[in-house]
Amino acid sequence: MPYLTVEGTRLHYREAGSGDPPLLLLHAFPLHSGMWQAQLAGLSDRVRLVAPDLKGFGASDAPDDRDAYSVAGYADEVAALIDQLGLARVVVAGLSMGGYVALAFWRRHRARVSALVLADTRAEPDGPEALERRTNQQRQVAEEGTAGLIDQLLDGLLAEATHRERPELVEQARGLMDNPPAGFIGALEAMKGRPDSTADLDGIDVPTLVLVGRDDGITSPEVAQDLHVRIAGSRLAVLPDAAHLSNLEAPEAFNVALRRFLDDL
Ligand code: MLT
């Protein structure tokens, strides 16, 4: 398994394929880079793909100090990782929390971004309700571990039909959430502290694809439509048979949308 040490943190990453433009895949909360397996397999004939485990997830280091985590820090760590891999510019694709990191990456390292893919994500920061919910989730994980929170989150991340008809996919998603409690608590802290990215949307001048699952109840198609309207020249793809984890629930449609986008760059 490949690892690189960046800014004192050992990060694990997955990679596949070869060819330009390289595609960087940033995972959702509270999953790890394994969620991109279908993209790593399905697009490796077309481009080089790199999917890191953000700090606190998968096989990357998971420091106990919650203040060691921020969305800006994730973006800087990923920028340092692609430096070490010798990648000057990448297509940055992030799903949900990965999208928050992609927007921070754009803000902090825009010369390194050849295009953006924003999947099931939003530019707005947390409001008071979300902040309170995340603080309660941090307490829950600190006191009881992650299993109860994983059960609660799974309900909203996947479509009702997936829960009813595809139990193996629900179990796959549960497995991808088997991450250290410190990573959960740190990522919740990072998301609580993330800045408002809406003012950045006007200035995005690289090709951008906005993707969303039609049944996404966390970042709805209306939220995606709003991103699409605010990012000049962006494309929008709404994927049927998918909720929030659209790349897991509709991997083929997700890959078709990505491949078309890459072909047109
Ligand atoms: C995610 O899928 O990454 C989360 O839903 C993001 C969030 O909790 O805001």
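The values are calculated or read from the model by the stated rules, or taken from the named source; none is laboratory data. Quantities reported herein were computed from a predicted structural model and do not represent experimental measurements. Note that we place each Cβ from the backbone using ideal geometry, even for glycine, and neighbour counts take in every protein chain shown. We work out accessible area using only protein heavy atoms, side chains counted, and drop any ligands, DNA or RNA first. Shrake-Rupley method; radii C 1.70, N 1.55, O 1.52, S 1.80 Å.
Values as computed for the structure displayed
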{"item": "Single residue of region 155-176 satisfying the filter (open to solvent by less than 80 Å² (accessible area, probe 1.4 Å) and touching a His at 6+ places or on another chain (Cβ under 8 Å)) that is farthest from the ligand (Cβ to nearest atom)", "result": "170"}
{"item": "Residues satisfying the stated conditions in region 108-130, i.e. open to solvent by less than 60 Å² (accessible area, probe 1.4 Å) and either modelled with pLDDT under 95 or aliphatic (A, V, I, L, M) (or both)", "result": "113, 115, 116, 117, 118, 119, 123, 130"}
{"item": "Some residue of region 128-145 being touching a residue at least 24 places away in the same chain (Cβ under 8 Å), under 22 Å from residue 254 (Cβ atoms) and either in a helix (DSSP H, G or I) or more than 11 Å from the ligand (Cβ to nearest atom) (or both)", "result": "no"}
{"item": "Leading residue by the ranking (surrounded by the most Cβ atoms within 10 Å (Cβ to Cβ)) among those in region 238-250 that are out of contact with any Ser or Thr (no Cβ under 8 Å at 6 or more places or on another chain) and not in a loop (DSSP other than H, G, I, E, B)", "result": "246"}
{"item": "Conditions (1) open to solvent by 20 Å² or more (accessible area, probe 1.4 Å); (2) closer than 20 Å to residue 146 by Cβ; (3) among the acidic types (Asp, Glu): number failed by residue 76", "result": "(2)"}
{"item": "Test result for residue 86, crowded, with 24+ Cβ neighbours inside 10 Å and closer than 26 Å to residue 19 by Cβ", "result": "no"}
{"item": "Close pairs (7 angstrom Cβ cut-off, 6 or more residues apart or separate chains): without any contact (Cβ under 8 Å) to a residue 60 or more places away in the chain in region 167-184, among the hydroxyl-bearing types (Ser, Thr, Tyr) anywhere", "result": "170/162; 181/146"}
{"item": "Some residue of region 212-219 being part of a strand (DSSP E or B), within 16 Å of the chain's Cα centre (by Cα) and not basic (Lys, Arg)", "result": "yes"}
{"item": "Residue that is nearest to the ligand (Cβ to nearest atom), among those in region 220-237 that are assigned to a loop (DSSP other than H, G, I, E, B) and of a type in the set (Gly, Ala, Ser)", "result": "220"}
{"item": "Whichever residue in region 208-237 is touching a Leu at 6+ places or on another chain (Cβ under 8 Å) and open to solvent by 60 Å² or more (accessible area, probe 1.4 Å) and, among such residues, is farthest from residue 106 (Cα to Cα)", "result": "214"}
{"item": "From the options 79, 102, residue that is closer than 20 Å to residue 43 by Cβ and either assigned to a helix (DSSP H, G or I) or within 16 Å of the ligand (Cβ to nearest atom) (or both)", "result": "102"}
{"item": "Pairs where the first residue, in region 149-166, is more than 23 Å from residue 134 (Cβ to Cβ) and the second is in a loop (DSSP other than H, G, I, E, B), C-beta under 6 Å, 6+ apart", "result": "159/215; 159/243"}
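Rundown of residues vs (1) within 18 Å of residue 118 (Cβ to Cβ); (2) surrounded by fewer than 19 Cβ atoms within 10 Å (Cβ to Cβ), yes/no style:
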position: 11; (1), (2): no, no
position: 16; (1), (2): no, no
position: 27; (1), (2): yes, no
position: 58; (1), (2): no, no
position: 67; (1), (2): no, yes
